[in-house]
1. Would you say Thr81 is of a type in the set (Ser, Thr, Tyr) and either at pLDDT 50 or above or assigned to a loop (DSSP other than H, G, I, E, B) (or both)?
2. Does region 21-32 contain at least one residue that is surrounded by 19 or more Cβ atoms within 10 Å (Cβ to Cβ), of a type in the set (Asp, Glu), within 29 Å of Ile191 (Cα to Cα) and modelled with pLDDT of 80 or more?
3. What number goes with the only condition from (1) outside the structural domain of Gly195 (by TED's automatic domain parsing); (2) surrounded by 12 or more Cβ atoms within 10 Å (Cβ to Cβ) that Leu285 does not pass?
4. Met1 passes all but one of (1) in contact (Cβ under 8 Å) with a residue 40 or more places away in the chain; (2) exposed (fewer than 15 other Cβ atoms within 10 Å of the Cβ); (3) more than 15 Å from the chain's Cα centre (by Cα); which number fails?
5. Looking at region 245-263, can you tell me whether even one residue there is more than 28 Å from Leu115 (Cβ to Cβ), surrounded by 13 or more Cβ atoms within 10 Å (Cβ to Cβ) and not basic (Lys, Arg)?
6. Going through region 203-258 one residue at a time, which ones are under 17 Å from Arg187 (Cα atoms) and part of a helix (DSSP H, G or I)?
7. Under 6 Å between Cβ atoms, which residue pairs at least 6 apart in sequence (or on different chains) link something in region 31-50 that is touching a residue at least 40 places away in the same chain (Cβ under 8 Å) with a partner that is of a type in the set (Phe, Trp, Tyr) and part of a helix (DSSP H, G or I)?
8. Checking Asp275 against (1) more than 19 Å from the chain's Cα centre (by Cα); (2) within 28 Å of Cys116 (Cα to Cα), only one condition comes out false. Which one?
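The values are calculated or read from the model by the stated rules, or taken from the named source; none is laboratory data. Quantities reported herein were computed from a predicted structural model and do not represent experimental measurements. Methodologically, a virtual Cβ is constructed for each residue, glycine included, from the backbone with ideal geometry; neighbour enumeration extends over all protein chains shown.
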Amino acid sequence: MGMNLLHGGHLTHGSPVNRSGKFYNAVQYTVDPETERIDYDAVQELAQQYKPNSSSPGTPPTPGLRTGLVSRRLPNRSARTCLPISPCSRPGNGRRVSFAGGLCDVITFTTHKTLCGPRGACILTTNPTLARKIDRAVFPGEQGGPHVHVFAALAVTFKLAKTDQFKALQAQIVKNCVALTDRLAERGLRIPFGGTNTHLTNIDCSSIKGPDGTTLSGDQAARILDIAGIVVNRNTIPGDISAADPSGLRLGTPWVTQRGLKEDDMLVLVDIIADLLHAMTPFGLGGSQR
(Lines give C-alpha, C1' and ligand atoms only; values in the text may rest on other atoms or scores of the structure.)
Protein backbone atom coordinates (compact mmCIF):
# COMPACT_ATOMS: atom_id res chain seq x y z
CA MET A 1 0.00 0.00 0.00
CA GLY A 2 1.47 3.34 -1.00
CA MET A 3 0.75 6.84 -2.24
CA ASN A 4 -0.41 7.30 -5.83
CA LEU A 5 2.32 8.62 -8.12
CA LEU A 6 0.03 11.27 -9.64
CA HIS A 7 -0.78 12.64 -6.20
CA GLY A 8 2.74 13.10 -4.92
CA GLY A 9 3.86 9.51 -4.42
CA HIS A 10 6.91 7.78 -5.83
CA LEU A 11 7.54 5.11 -8.43
CA THR A 12 8.50 2.73 -5.64
CA HIS A 13 5.09 3.15 -3.96
CA GLY A 14 3.54 0.54 -6.26
CA SER A 15 3.66 2.11 -9.71
CA PRO A 16 2.97 -0.58 -12.35
CA VAL A 17 6.24 0.29 -14.14
CA ASN A 18 8.30 -0.29 -10.97
CA ARG A 19 9.37 -3.57 -9.39
CA SER A 20 7.07 -2.80 -6.45
CA GLY A 21 4.08 -2.69 -8.79
CA LYS A 22 5.16 -5.69 -10.87
CA PHE A 23 5.74 -8.06 -7.96
CA TYR A 24 2.95 -6.91 -5.64
CA ASN A 25 -0.74 -6.06 -5.87
CA ALA A 26 -0.37 -2.44 -4.79
CA VAL A 27 -3.23 -0.52 -3.22
CA GLN A 28 -2.70 3.20 -3.66
CA TYR A 29 -4.21 6.12 -1.79
CA THR A 30 -4.61 9.70 -3.01
CA VAL A 31 -5.05 13.16 -1.58
CA ASP A 32 -8.46 14.66 -0.89
CA PRO A 33 -9.66 16.39 -4.10
CA GLU A 34 -10.83 19.44 -2.16
CA THR A 35 -8.03 19.99 0.36
CA GLU A 36 -5.28 18.31 -1.73
CA ARG A 37 -3.96 16.82 1.52
CA ILE A 38 -3.85 13.23 2.77
CA ASP A 39 -7.05 12.11 4.46
CA TYR A 40 -5.66 9.64 7.00
CA ASP A 41 -9.11 8.36 7.90
CA ALA A 42 -9.62 7.36 4.25
CA VAL A 43 -6.18 5.74 4.19
CA GLN A 44 -7.01 3.74 7.29
CA GLU A 45 -10.27 2.58 5.71
CA LEU A 46 -8.30 1.31 2.69
CA ALA A 47 -5.87 -0.48 4.98
CA GLN A 48 -8.73 -2.15 6.82
CA GLN A 49 -10.45 -3.07 3.56
CA TYR A 50 -7.46 -4.55 1.73
CA LYS A 51 -5.36 -5.68 4.72
CA PRO A 52 -2.01 -4.92 3.06
CA ASN A 53 1.22 -6.61 4.08
CA SER A 54 2.95 -3.24 4.11
CA SER A 55 2.31 0.46 3.85
CA SER A 56 4.48 3.28 2.56
CA PRO A 57 2.88 6.60 3.55
CA GLY A 58 4.52 9.73 2.16
CA THR A 59 4.09 11.71 5.35
CA PRO A 60 4.14 10.58 8.98
CA PRO A 61 1.22 8.25 9.70
CA THR A 62 -1.14 8.92 12.54
CA PRO A 63 -1.39 6.48 15.46
CA GLY A 64 -4.81 5.56 14.12
CA LEU A 65 -3.33 4.55 10.78
CA ARG A 66 -0.66 2.48 12.48
CA THR A 67 -3.29 0.79 14.68
CA GLY A 68 -5.51 0.13 11.67
CA LEU A 69 -2.68 -1.56 9.81
CA VAL A 70 -1.48 -3.75 12.62
CA SER A 71 -4.90 -4.73 13.95
CA ARG A 72 -6.01 -5.79 10.47
CA ARG A 73 -2.94 -7.88 9.64
CA LEU A 74 -3.31 -10.89 7.41
CA PRO A 75 -3.21 -14.31 9.07
CA ASN A 76 0.41 -15.08 10.06
CA ARG A 77 1.61 -12.00 8.17
CA SER A 78 2.41 -8.91 10.22
CA ALA A 79 1.65 -5.53 8.71
CA ARG A 80 4.80 -3.43 8.36
CA THR A 81 4.94 0.31 7.91
CA CYS A 82 7.75 1.95 5.98
CA LEU A 83 8.25 5.71 5.87
CA PRO A 84 10.39 7.05 2.98
CA ILE A 85 11.57 10.53 3.97
CA SER A 86 14.23 11.06 1.31
CA PRO A 87 13.40 14.73 0.63
CA CYS A 88 12.83 15.56 4.31
CA SER A 89 15.70 13.85 6.13
CA ARG A 90 17.22 17.05 7.46
CA PRO A 91 17.63 17.60 11.21
CA GLY A 92 15.38 20.63 10.85
CA ASN A 93 12.58 18.09 10.53
CA GLY A 94 13.74 16.16 13.58
CA ARG A 95 10.40 16.26 15.34
CA ARG A 96 8.70 14.71 12.35
CA VAL A 97 11.24 11.93 12.02
CA SER A 98 11.26 11.08 15.72
CA PHE A 99 7.45 11.00 15.70
CA ALA A 100 7.42 8.58 12.81
CA GLY A 101 10.13 6.48 14.41
CA GLY A 102 7.77 5.49 17.18
CA LEU A 103 5.12 4.37 14.68
CA CYS A 104 7.00 2.90 11.72
CA ASP A 105 8.98 -0.31 11.47
CA VAL A 106 11.38 1.04 8.86
CA ILE A 107 12.48 4.55 7.88
CA THR A 108 14.47 5.21 4.72
CA PHE A 109 16.13 8.37 3.45
CA THR A 110 18.74 9.51 1.00
CA THR A 111 21.82 11.48 2.03
CA HIS A 112 22.27 13.63 -1.08
CA LYS A 113 19.17 15.81 -0.86
CA THR A 114 18.44 18.11 2.08
CA LEU A 115 21.12 16.35 4.12
CA CYS A 116 23.55 17.91 1.60
CA GLY A 117 25.86 14.89 1.51
CA PRO A 118 27.12 12.41 -1.09
CA ARG A 119 24.98 10.08 -3.14
CA GLY A 120 23.75 7.43 -0.74
CA ALA A 121 20.94 6.30 1.51
CA CYS A 122 20.10 4.95 4.96
CA ILE A 123 17.64 2.28 6.12
CA LEU A 124 16.73 2.50 9.81
CA THR A 125 14.92 0.01 12.02
CA THR A 126 14.95 -0.92 15.70
CA ASN A 127 13.64 -4.43 14.98
CA PRO A 128 16.54 -6.96 15.09
CA THR A 129 14.69 -9.47 12.89
CA LEU A 130 13.95 -6.87 10.23
CA ALA A 131 17.51 -5.55 10.49
CA ARG A 132 18.94 -8.96 9.59
CA LYS A 133 16.57 -9.28 6.63
CA ILE A 134 17.40 -5.78 5.41
CA ASP A 135 21.14 -6.42 5.72
CA ARG A 136 20.82 -9.58 3.64
CA ALA A 137 18.63 -7.83 1.08
CA VAL A 138 21.20 -5.05 0.69
CA PHE A 139 24.13 -7.44 0.48
CA PRO A 140 24.39 -9.82 -1.22
CA GLY A 141 20.85 -9.18 -2.49
CA GLU A 142 21.21 -5.84 -4.27
CA GLN A 143 24.36 -3.89 -3.48
CA GLY A 144 27.51 -4.08 -5.58
CA GLY A 145 31.02 -3.20 -4.50
CA PRO A 146 31.36 -0.71 -1.62
CA HIS A 147 32.68 2.78 -2.33
CA VAL A 148 34.94 3.67 0.56
CA HIS A 149 35.24 7.34 -0.38
CA VAL A 150 31.44 7.62 0.07
CA PHE A 151 31.75 6.22 3.61
CA ALA A 152 34.15 9.04 4.44
CA ALA A 153 31.87 11.63 2.88
CA LEU A 154 28.89 10.28 4.82
CA ALA A 155 30.84 10.51 8.06
CA VAL A 156 31.60 14.17 7.37
CA THR A 157 27.97 14.79 6.39
CA PHE A 158 26.59 13.40 9.64
CA LYS A 159 29.16 15.32 11.67
CA LEU A 160 28.22 18.57 9.94
CA ALA A 161 24.53 17.82 10.43
CA LYS A 162 25.05 18.02 14.21
CA THR A 163 26.27 21.63 14.06
CA ASP A 164 24.27 24.76 14.78
CA GLN A 165 25.33 26.19 11.41
CA PHE A 166 23.71 23.29 9.61
CA LYS A 167 20.51 23.64 11.61
CA ALA A 168 20.44 27.34 10.71
CA LEU A 169 20.88 26.43 7.05
CA GLN A 170 17.91 24.06 7.20
CA ALA A 171 15.74 26.68 8.89
CA GLN A 172 16.66 29.18 6.17
CA ILE A 173 15.84 26.63 3.46
CA VAL A 174 12.28 26.41 4.78
CA LYS A 175 11.97 30.19 5.21
CA ASN A 176 13.11 30.66 1.62
CA CYS A 177 10.62 28.11 0.31
CA VAL A 178 7.72 29.70 2.17
CA ALA A 179 8.70 33.13 0.85
CA LEU A 180 9.04 31.73 -2.66
CA THR A 181 5.65 30.01 -2.47
CA ASP A 182 3.86 33.05 -1.11
CA ARG A 183 5.30 35.24 -3.85
CA LEU A 184 4.29 32.74 -6.54
CA ALA A 185 0.71 32.93 -5.26
CA GLU A 186 0.88 36.74 -5.24
CA ARG A 187 1.90 36.62 -8.90
CA GLY A 188 -1.28 34.74 -9.77
CA LEU A 189 0.06 31.17 -9.92
CA ARG A 190 -1.97 28.45 -8.21
CA ILE A 191 -0.10 26.47 -5.56
CA PRO A 192 -1.20 22.81 -5.22
CA PHE A 193 -1.41 20.97 -1.91
CA GLY A 194 -2.39 24.10 -0.01
CA GLY A 195 1.11 25.59 0.14
CA THR A 196 4.25 24.34 1.85
CA ASN A 197 6.05 24.17 5.18
CA THR A 198 9.09 22.31 3.84
CA HIS A 199 11.84 22.88 1.28
CA LEU A 200 9.61 21.89 -1.66
CA THR A 201 6.79 23.66 -3.45
CA ASN A 202 4.72 23.17 -6.60
CA ILE A 203 3.20 25.34 -9.31
CA ASP A 204 0.02 24.49 -11.22
CA CYS A 205 0.93 25.50 -14.77
CA SER A 206 -2.60 24.85 -16.03
CA SER A 207 -3.62 28.13 -14.41
CA ILE A 208 -1.94 29.75 -17.46
CA LYS A 209 -4.17 29.47 -20.52
CA GLY A 210 -3.92 30.53 -24.13
CA PRO A 211 -6.61 32.34 -26.14
CA ASP A 212 -8.07 29.02 -27.30
CA GLY A 213 -8.23 27.67 -23.75
CA THR A 214 -5.16 25.45 -24.04
CA THR A 215 -3.36 25.15 -20.71
CA LEU A 216 0.38 25.34 -20.18
CA SER A 217 1.99 21.95 -19.56
CA GLY A 218 4.55 21.37 -16.86
CA ASP A 219 6.90 19.80 -19.39
CA GLN A 220 6.94 22.82 -21.69
CA ALA A 221 7.24 25.23 -18.77
CA ALA A 222 10.24 23.32 -17.38
CA ARG A 223 11.96 23.26 -20.76
CA ILE A 224 11.56 27.00 -21.31
CA LEU A 225 12.69 27.86 -17.77
CA ASP A 226 15.74 25.66 -18.33
CA ILE A 227 16.67 27.68 -21.41
CA ALA A 228 16.53 30.77 -19.20
CA GLY A 229 18.91 29.13 -16.72
CA ILE A 230 16.32 28.21 -14.08
CA VAL A 231 16.36 24.48 -13.40
CA VAL A 232 13.10 22.93 -12.16
CA ASN A 233 11.39 19.66 -12.95
CA ARG A 234 7.97 18.83 -14.28
CA ASN A 235 5.73 17.17 -11.72
CA THR A 236 2.27 15.65 -11.53
CA ILE A 237 -0.28 17.35 -9.32
CA PRO A 238 -3.75 16.25 -8.18
CA GLY A 239 -6.04 16.08 -11.20
CA ASP A 240 -3.41 14.87 -13.67
CA ILE A 241 -4.19 11.60 -15.43
CA SER A 242 -0.71 10.71 -16.72
CA ALA A 243 2.84 11.18 -15.48
CA ALA A 244 3.84 11.62 -19.13
CA ASP A 245 1.84 14.86 -19.32
CA PRO A 246 2.08 16.60 -15.93
CA SER A 247 0.52 19.97 -15.21
CA GLY A 248 2.89 21.00 -12.46
CA LEU A 249 6.38 22.17 -11.69
CA ARG A 250 8.34 21.27 -8.57
CA LEU A 251 10.83 23.69 -7.06
CA GLY A 252 13.14 23.34 -4.07
CA THR A 253 15.30 25.78 -2.12
CA PRO A 254 18.27 23.76 -0.72
CA TRP A 255 20.74 24.63 -3.47
CA VAL A 256 19.95 28.35 -3.67
CA THR A 257 20.07 28.59 0.12
CA GLN A 258 23.46 26.87 0.20
CA ARG A 259 24.64 29.64 -2.11
CA GLY A 260 23.62 32.27 0.43
CA LEU A 261 20.27 33.44 -0.93
CA LYS A 262 17.65 34.74 1.53
CA GLU A 263 13.96 35.64 1.45
CA ASP A 264 14.44 38.86 -0.52
CA ASP A 265 16.35 36.94 -3.16
CA MET A 266 13.41 34.54 -3.46
CA LEU A 267 11.17 37.44 -4.45
CA VAL A 268 13.52 38.39 -7.27
CA LEU A 269 13.77 34.79 -8.42
CA VAL A 270 10.00 34.32 -8.39
CA ASP A 271 9.42 37.48 -10.40
CA ILE A 272 11.73 36.12 -13.09
CA ILE A 273 9.89 32.78 -13.10
CA ALA A 274 6.45 34.39 -13.09
CA ASP A 275 7.36 36.82 -15.87
CA LEU A 276 8.51 33.93 -18.03
CA LEU A 277 5.49 31.76 -17.33
CA HIS A 278 2.98 34.55 -17.89
CA ALA A 279 4.75 35.43 -21.15
CA MET A 280 4.04 31.94 -22.53
CA THR A 281 1.04 31.52 -24.84
CA PRO A 282 -0.14 27.91 -24.96
CA PHE A 283 -2.11 26.80 -28.01
CA GLY A 284 -3.48 23.50 -29.29
CA LEU A 285 -2.86 21.77 -32.60
CA GLY A 286 -5.10 19.19 -34.22
CA GLY A 287 -7.68 19.30 -31.48
CA SER A 288 -5.12 18.73 -28.73
CA GLN A 289 -5.36 20.89 -25.63
CA ARG A 290 -1.60 20.70 -25.07
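1. Against the criterion (of a type in the set (Ser, Thr, Tyr) and either at pLDDT 50 or above or assigned to a loop (DSSP other than H, G, I, E, B) (or both)), Thr81 qualifies.
2. no
3. The number of the failed condition is (2).
4. Against the list (1) in contact (Cβ under 8 Å) with a residue 40 or more places away in the chain; (2) exposed (fewer than 15 other Cβ atoms within 10 Å of the Cβ); (3) more than 15 Å from the chain's Cα centre (by Cα), Met1 comes up short only on (2).
5. Of region 245-263, the ones more than 28 Å from Leu115 (Cβ to Cβ) are 245, 247.
Those left that are additionally surrounded by 13 or more Cβ atoms within 10 Å (Cβ to Cβ): 245, 247.
When the remaining residues are screened for being not basic (Lys, Arg), the result is 245, 247.
There is at least one residue in region 245-263 that is more than 28 Å from Leu115 (Cβ to Cβ), surrounded by 13 or more Cβ atoms within 10 Å (Cβ to Cβ) and not basic (Lys, Arg).
6. Cys205, Ser206, Ser207, Ala221, Leu225
7. These pairs meet every condition: Glu36/Phe193.
8. (2)
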